[in-house]
Amino acid sequence: MKIVADSAIPFLEGVFEPYAQVVFKPGGEIRREDLIDADALLIRTRTKCNAYLLEGTSVKIIATATIGTDHIDMPWCKSHDIFVQNAPGCNAGGVMNYVFSALYGAASRKNIPLTGSTLGIIGVGHVGSRVEQMARYLGFKVLLNDPPREAAEGPAQFCSLDELLAGSDIVTMHVPLDETTRRMADASFFDKMKLGAFFINASRGEVVVDDALMNAIPKLGPVVIDTWNHEPEVNQTLMSMVDIATPHIAGYSYQGKQRGTAAAVRAVAHFFGIQDLYEFFPKTELAELEAVKLDFTGMTQGQIASLIQYNYPIFTDDFMFRSNPGDFEKLRTDYRYRKEFYIY
């Protein structure tokens, strides 16, 4: 058996070698000739899996150590009997940590009180649900917009996008990228937002129209961008205008990477019957990387901000990115995964 894997997937080296020939390559450099005789492909978002890459290869399974699948041509894979497995929810804790580090950090820098604020969450899947949980715990009012969930569960806990934009002091996006969400944050979207509202995008860059956001920034409050159109290229004009800019690392927690790799390994193991790896999970290498439980009971906004920044100092990531915007991929590949914090 031959497995081709993105060399940036952590914890993977040595796992499959007892059972298969394993070829590691940077995700963006994996080519069709690498896959001609490959049985499995393990990737992140940087490998575009389509007919151009896969036609005529022997790949039977693609396992992506990410929650998203927009880098994979799912209909083509299905029609060619290639099984695809993602890692739903693997980065939910990391992104939740990112959102609240950014929110409290930006509010502190601009002396913005958050008490009584309404936080609007667009997309309430694995990630959005974790953001909702933390928001309610911290005392925010919450508005939720998720048309697929509303269709399945009923309208009781959801509102329309227009209602969310008009009523939210903070808008944070956690949608998958598809034809219903691509370019959804356009001029009309930003026109409907409240004056001075925060805007956070840690989903996909393509859900935002850059020009519309740049035109809206003078009326908005703090703007936080982790995902960008045309990655790894970055709109540096937009970057210069936002309050926090990071290179698509919102979900880059140590625990998130453990879960993502575990999901990919288990998928391949079950597909090929490698029983020793059915329950694979990477070991935590150092005790100081274990997730930490935080208790914000009775704390002021400033104390909450300080505790969150101690556990995830987001402005370090912002500084490193602004200092080296052309090193987008290197910053991601060399990123020192942070431990997650959680409440319960």
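The values are calculated or read from the model by the stated rules, or taken from the named source; none is laboratory data. Note that the coordinates shown come from a computational prediction; the quantities given were computed from them, not determined experimentally. All Cβ positions, glycine included, derive from the backbone under ideal geometry; neighbour counts span all protein chains shown. Quick note on the areas: whole protein, heavy atoms, side chains included, nothing else; ligands and nucleic acids left out. Shrake-Rupley method; radii C 1.70, N 1.55, O 1.52, S 1.80 Å.
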Mean Cβ-within-10 Å packing, highest first, puts peptides 293-305, 99-111 in the order 99-111, 293-305
Mind listing the long-range amide H neighbours of Phe341? Cut-off is under 5 Å, sequence gap 5 or more, other chains count too, H placed in the peptide plane at 1.01 Å from N.
Val292
Backbone HN-Hα couplings from phi across the stretch 176-191 [Karplus 6.51/-1.76/1.60, Hz, Gly and Pro as x]:
x, 8, 8, 5, 8, 10, 4, 6, 5, 8, 10, 4, 4, 4, 6, 4
Tell me which DSSP H helices of the chain clear both cut-offs, 24 Å or more of axial length from alpha-carbon atoms and a mean Kyte-Doolittle hydropathy of at least 0.5.
92-109
The answer for Lys194, listing residues at least 5 apart or on another chain whose modeled amide H is closer than 5 Å to its amide H, is Ser168
Equivalent-ellipsoid semi-axes (√(5λ), Cα gyration tensor) for the chain, whole Å, largest first?
35, 22, 19
Quick one: grab the alpha carbon gyration tensor of the stretch 1-75, order the square roots of its eigenvalues as a ≥ b ≥ c, and give me rounded if a/c is under 1.5, else prolate or oblate depending on whether a/b is larger than b/c.
oblate
Using a 1.4 angstrom probe, figure out how much accessible area the chain has per residue, in square angstrom, rounded to the nearest whole.
44 Å²
Reachable lysines, given that their alpha-carbon falls under 27 Å from the alpha-carbon of Lys330 and they are not under 8 places away in the same chain:
Lys25, Lys48, Lys257, Lys283, Lys339
For the stretch 156-262, what does the alpha-carbon gyration tensor say about shape, rounded, prolate or oblate, given a ≥ b ≥ c as the root eigenvalues, a/c under 1.5 as rounded, and a/b over b/c as prolate?
oblate
Using a 1.4 angstrom probe on heavy atoms only, work out the carbon and sulfur share of the accessible area of the stretch 67-185 in %.
53 percent
How do 204-213, 229-238 rank on mean C-beta neighbours within 10 Å, highest first?
204-213, 229-238
